[in-house]
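Have a look at the structure below before the remarks.
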């Protein structure tokens, strides 16, 4: 039996590129989640909500600036910062009092935020879906092996590695990154040498949430911005973080690649059940390596 | 702390009185209230079944709703797609859920804590995705409505009594399990897995059996839902419902047998009555949950029991 009916090489390559640009978004959101999980040990379910808020904020900022190219770039800078600000308020106001609790309580507490943020988005933006345009310079498409490939997706493919390099630089080359890594292993010891661990945690949390907002702002021109876009992404990114190894940035990249590519190929082979392919990939990986592909910081 | 025969009798009398009250109650209630009570019984059974795994077993059962929804879908598909007598569906649903928990459990019990929970979410989401997408078989997003429930339990009042009887029987069985030698070892595994392992307990096997018990009763709750509601939809397997059940357990108080039942009642009532005034019900739930975690982490019933015991026996506070 022919398993791959009528799939030309060109269509395959095109789908692969689309999958890779989806991977970029997944990686950016998942790396933020992984950072928070690795250092603060918080399974932040509200991460998906922050991604959604990022997308809605980007829409509002872009339309307030009159749309167009300037509006897009402004939104791309300001929306993640807005999300970071929200997360800073939440962390300093509430989370920092709960670090000693067990994971289950922390998970439920972040779920409370998912519920609250979900309704707040409905209150502020209503339940209609919104859409936003990419800047004119990124509209249109290239020709890849005779198939059109959107310019915006190419832009995403460039952004992904930049974010990955930035995160690598942040965690390995800066002082705060090094302190955060140490605090992830032994927070008492870090506190004992006179470092204010509480603020280190706050900064890591804010950086993680900034990435969620950035993911949301980047995805905004490619899809409808709707209620409920938080639920899909949070499950996907949690799985990515788990197959990559909790708290490992490169693991998040690897996990995002596996998830994004199996999803893209699934669409090609069996469109109706494309959604099943990445889940099967995740389960296979976890059967073989229950603690994830790369070393977990835990 | 083993219960003396005297307290057992006392508990039994209280339980019988409680059941008697619920048996006469429908005569004084409106149709909507009867429906609401039946929904509370169903949800209460679901929350209690989660507590078996989570409270007594200490496992991070993050996607319990899958077993509930799977039971509900099994019932619904048996009733709509086959000509078999309706009762077959109610026997097959818990069996199907038990089988699913065996499958998911076999993979999950190898993992610890957070990995266990997250992996369960991924497996559960896979089941959800299949039901959501398999349009020709499950009607996907639309769900199945107007399911032909056997005549004997079709009306509102008879559905109420059916749910009540099933709930009471299930609670009795679950109580026996918790108090049985298996239940004691199960709780021992929760409190100290390393030591249990060292004295020769097969930790994974006990956890797996615990998961199957929890899953089976969730399946029973799922078929009760079909009786009460007459329809099924993919949201029954969605992970947000799983977290809502977790909230019910937290609200009522895990480590107490009846706590989750209380929690379920509070959540169902709150949702119904807040829902009358505002469409923003989830924001209320979110705030309730935050307050709960900050001020009452042992739950409503847990708090009452702790206060009661510490007043009667000041030593209890130390233990």
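Points to keep in mind about this one:
- Against the main long axis of the alpha-carbon atoms of chain A, helix A:47-64 sits at an angle near 70°.
- Across peptide A:287-293, the mean count of Cβ atoms from other chains lying within 10 Å of each residue's own Cβ comes to 2.
- Shielding of peptide B:125-134 by partners, expressed as the average count of other chain Cβ atoms within 10 Å per residue Cβ, is 4.
- Calculated log₁₀ intensity ratio I(q)/I(0) where the Debye formula runs over C-alpha points of region B:131-173, q = 0.18, 0.19, 0.26, 0.32 Å⁻¹: -0.71, -0.73, -0.80, -0.99
- Separation of alpha-carbon centers, region B:183-250 and region A:262-298, rounded to whole Å: 25 Å
- Förster radius 41 Å - calculated FRET efficiency between residue A:178 and residue B:192 (Cβ-Cβ, nearest 0.05): 0.65
- Debye log10 I(q)/I(0) at q = 0.07, 0.08 Å⁻¹ for chain B, Cα point scatterers: -0.28, -0.37
- Approximating the spin labels as points 7 Å out from Cα along Cα→Cβ, the residue A:145-to-residue A:96 distance works out to 5.3 nm.
- Here the residues A:234, B:144, B:131, B:13, ranked from fewest to most Cβ neighbours within 10 Å of their Cβ, fall in the order B:13, B:144, B:131, A:234.
- Rounded to 10°, Cα long-axis angle of helix A:103-125 versus longest principal axis of chain A: 60 degrees
- Neighbour counting of Cβ atoms within 10 Å sorts the residues B:59, A:287, fewest neighbours leading, into A:287, B:59.
- Between residue B:161 and residue B:304, the simple spin-label model (points 7 angstrom out along Cα→Cβ) gives 2.8 nm.
- Take every Cα pair under 8 Å whose residues are at least 6 apart in sequence, average their separation, divide by the length of region A:28-228, and the relative contact order is 46 percent.
- Percent of Cα pairs exceeding the 35 Å cut-off, where the set is chain A: 18 percent
- Peptide packing for B:39-50, A:167-178 was compared via the average number of neighbouring C-beta atoms within 10 Å per residue; ordered from the highest value, the list is B:39-50, A:167-178.
- Among the residues of B:277-290, the average count of other protein chain beta-carbon atoms within 10 Å of the residue beta-carbon is 5.
- Computed E for residue A:122/residue A:12 - FRET, C-beta separation, R0 45 angstrom, nearest 0.05: 0.65
- Relative to the 2.2 N^0.38 Å rule of thumb, region A:71-137 has a C-alpha radius of gyration ratio of 1.47.
- Each label was represented as a point 7 Å from its Cα along the Cα-to-Cβ direction; for residue B:287 and residue A:129 these points are 3.1 nm apart.
- Ellipticity estimate at 222 nm from DSSP helix runs (n ≥ 4, -39,500 (n - 2.57)) divided over chain A, nearest 500: -24500 deg cm²/dmol
A short reminder: the numbers here are calculations on the coordinates, not readings from a lab. Keep in mind that this is a model prediction, so the values were computed, not measured. Please note: Cβ atoms are built from the backbone with ideal geometry, for glycine as well, and neighbour counts cover all protein chains shown.
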